[in-house]
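Let me begin by presenting the structure, written as structure tokens, before commenting on it.
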Amino acid sequence: MQRNTEVDVLVIGAGPVGMTAAAVLAEYGVRLRIVDRRPGPDSGTRCTNLWPATLDAMAFMGLDVGELLERSQPMRHKVFHLGEDSFSSDLTEYGAVSPVPLTQSQDVVDAMLTARLERFGVAIEYGVEACRVDPDDDGVTVVLRPAGPASDAPAERVRAGWLVAAQGMGTGAEELLGVRRTVRSFPGVRILHADARLENRDGIGPDEEHIYLAASRSAGLVPLPGGLHRLFLMEPDPAGGERPGAREIVSAVARVSGLPLTAVEPACPWWARPESRIAETFRLGRVLLAGGSATALPLTVHGMNNGMQDAFNLAWKLGMVVRGLGDEVLLDSYTVERRRVARKLVEVTERVLGMGTSEDSQATHGPRIRQGRVDMRTQPSVTYRQSPLSQDQGRPGGPQAGDPMPGLLDLAAGTRPCCTEWTLLVPRDSAGAPPVPLAELRALADKYAAVRLRLTEPGSTVHLVRPDGHIAFRGPVDDPAALAGYAARFLR
């Protein structure tokens, strides 16, 4: 007999993306379940990079990013090698909780997110998959069943107000719904990597990523915690070629880089043929796509970061809607904001692929690298200036609506707004500036349960900051009516 259950939100997929969405929704007090077709969590290094925007999101979620900073390996420079020449670039991104990318095993990130869910009493249900998804105007009906071989366990009918598909494109609810997507493949190219401890690291700094460009291929070394390195290779894909092991990958990287690499206990061999896929929309009524269910990127190093940022962006909006704190129009901004980021990431990663597999890197890319005209950061800064949630009436200059608000996150000072709150930053009165209508602004903040007012240094501009730290509204402090009009559109 089929069981029937009801929840506010059903999350399909319990990787970092699904767990991020579930953790934020749990913070809002949403009734939710999170299921995954895998028999249990994966293990191993897998994705190693954590970009500043991802670390900011983790900090807003209340995760102990300070401890993560201490345990991880910072990556401050990216060094390109063209023949005997090398060119270094600073990866610092000022204003983020971590100004540089970190490398860390995905196991550590998974453990942090799992612990966060347990704090809210949310248990991941492994070995469960969706076999039918029926959305309607009021919610989604999902039939769940045990994954894997046939089981005598009965199927379960779940009625959810919303469904978050975060299980990876081609493996979850988006397949059942026939989501349309733009696909681009890169025939004749494969990417390989393995992890190892290198005995000879002369000239390789502990906080440097090194990339070696050669004819039709490239190799690289990324520092990992504990003195390990990830060695990666982009090369022509041999027809019918066998899948190489970790030692073969290390040897291939040594040949391309020209380094006398001696690896101790190389492990975690991996390879793939790159492909990019972007769903035409990240929302289909009551079904919302995040991470791999929405976007697959040619370079997997971006998958976890982009997906966690998707999930955080989506979950705070969905949490507000479910709890009656915000208008459903908030969700209309999700595709606009995150699909734009996905397209930019695809452009960047395709450019990296082209550079890494060029037949003549010296001639094609050498001049631009030497002149510093290549953006070495493969994770661009995230801004939402074009979002329908961004309204800017402030003076020219400084951070604009849609940009991250500088100084909002300060771990050393203990300043970390909760991901369920909007922050209204109001300047104090100062001589020579228009008087601040503090009583009126405080009444406006008190009108909305999710808004918290905070006084800042004297100035003439008021900022309303979203739960993800991006500026929603920027305008003159002596015109509270404009701010009130904005709040009335989106908040409840």
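Only the coordinates and a few stated rules stand behind these numbers; no lab work does. These numbers were taken from a predicted model, which means no experiment stands behind them. Note that we place each Cβ from the backbone using ideal geometry, even for glycine, and neighbour counts take in every protein chain shown.
Take 96-105, 78-87 and order them by the average number of nearby Cβ atoms within 10 Å per residue, most first; the result is 96-105, 78-87. Computing Cα extents along the principal axes in Å directly from the structure and comparing it against (i) 72, 66, 45; (ii) 160, 65, 38; (iii) 71, 69, 37 singles out (iii).
Using amide H atoms built 1.01 Å from N in the peptide plane, name the residues 5+ places from E129, or on other chains, whose amide H lies under 5 Å from its own. Answer set, sorted by chain and number: R145, A147. Charge tally for A254 (other residues, Cβ to Cβ under 14 Å; Lys, Arg +1; Asp, Glu -1): 0.
Highest average first, the peptides 443-451, 393-401 ordered by how many other beta carbon atoms sit within 10 Å of their residues are 443-451, 393-401.
Three principal axis extents of the range 187-272 based on alpha-carbon atoms, in descending order, are 36, 25, 19 Å.
Apply the Debye scattering formula to the range 1-134, with a single equal point scatterer on each alpha-carbon and no solvent, then give log10 I(q)/I(0) at q = 0.10, 0.16 Å⁻¹. Here log10 of I(q) over I(0) equals -0.43, -0.88. Using the Cβ of L224 as centre and a radius below 10 Å, the other residues enclosed give a net charge of +1, where K and R count +1 and D and E count -1. Taking Cα centre as origin and charging only the Cβ of basic (Lys, Arg, +1) and acidic (Asp, Glu, -1) residues, the dipole magnitude of the range 391-490 rounds to 160 debye.
Beta bridges per DSSP, both residues in the chain: antiparallel share near 70 percent. Between helix 480-490 and the chain there is an angle of about 60 degrees, using the helix long axis and the longest principal axis of the Cα atoms. Counting Lys and Arg as +1 and Asp and Glu as -1 over every other residue whose Cβ lies under 14 Å from the Cβ of P266, the net charge comes to -1.
Of S257, A214, P238, which is farthest towards the positive pole of the range 149-270's charge dipole, taken about the Cα centre with +1 and -1 on the beta-carbons of Lys, Arg and Asp, Glu respectively? So the residue furthest toward the plus end is P238.
Amide H contacts of A472 (H built 1.01 Å from N, in plane; Pro and chain starts excluded): G402, L464, V465, R466 sit under 5 Å, all sequence-distant by 5 or more or on other chains. The angle separating the long axis of helix 438-447 from the principal Cα axis of greatest extent in the chain is about 80 degrees. Net charge dipole, the range 1-91: roughly 480 debye, given to the nearest 20, about the Cα centre with Cβ charges of +1 for Lys and Arg and -1 for Asp and Glu.
Evaluating 6.51 cos²θ - 1.76 cosθ + 1.60 at θ = phi - 60° for every residue in the range 327-339, the Karplus couplings come out as 7, 4, 4, 4, 5, 5, 7, 4, 4, 4, 6, 7, 5 Hz, glycine and proline recorded as x.
Separation of the range 30-66 and the range 420-469, taken as the distance between their Cα centroids, equals 32 angstrom. Each peptide in 435-441, 248-254 receives the mean, over its residues, of other Cβ atoms within 10 Å, and ordering these scores from highest gives 248-254, 435-441. Between R454 and A153, residue separation times 0.36 nm minus the direct Cα-Cα distance comes to 103.0 nm. The long axis of helix 246-257 is offset from the longest Cα principal axis of the chain by roughly 80 degrees. A straight chain from E275 to E118 at 0.36 nm per residue would run longer than the Cα-Cα distance by 53.0 nm. Put a plus charge on the Cβ of each Lys and Arg, a minus charge on the Cβ of each Asp and Glu, and nothing anywhere else: the dipole of the chain about its Cα centre is then about 580 debye. Remark: relative contact order (the range 187-272) = 43 percent; criterion is Cα-Cα distance under 8 angstrom and separation of 6 or more residues.
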